[in-house]
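Input: a single structure, listed below in structure tokens.
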Amino acid sequence: MVLRETPPVWRQGFDLYRRRTERDTLGRETAHYAKEPDVRVEAADGLAFQHPRSWNSGGNVGAGEEVRAWGEQPGGILEACLRTELELAPYDRLDIGGRLWEVRAIQRWPSHRKLMLQRVR
């Protein structure tokens, strides 16, 4: 993937909430996220958004979860490039401008990482 340059003023800072596991009252392993962010990333080192085309050619950007007769239908897909070496893993969550996104996939490239994010709320 060729990284399309975006102006630095278009970059977005974010708060990173790392996924942790804990046990519920029945002893099952469940995901847990801290109330305070693990890392705050300033806009200068933040995400450069790219138009979704490779992972999600037919996806909707926007609505988040939608309730349907057969359950919740996820929506809201973003692709972004991150140039810093910040440790990220699938299912970590990013708060970007008051909206919560979950890291669904990470592709590594020589100069950056490409993230696919799905809106949680």
Inter-probe distance in nm under a simple model that places probes 7 Å from Cα toward Cβ, at Q12 and D24:
3.0 nm
If you plug each phi of the stretch 37-44 into the Karplus form 6.51 cos²θ - 1.76 cosθ + 1.60 with θ = phi - 60°, what whole-Hz ³J(HN,Hα) values come out, in order, with x for Gly and Pro?
x, 6, 9, 10, 10, 6, 4, 4
Any idea what % of Cα-Cα pairs in the stretch 9-52 are farther than 16 Å?
55 percent
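Which value, in Å to one decimal place, does the Kirkwood hydrodynamic radius take for the stretch 81-121 when every pair of different Cα atoms is included?
Computed over the stretch 81-121, the radius equals 10.6 Å.
Bear in mind these aren't lab numbers, they're just calculated from the coordinates by the rules spelled out. It should be emphasised that the depicted structure is a prediction, and the values quoted were computed from it without experimental measurement. Counting neighbours? That spans all protein chains shown, and the Cβs are built from the backbone with ideal geometry, glycine included.
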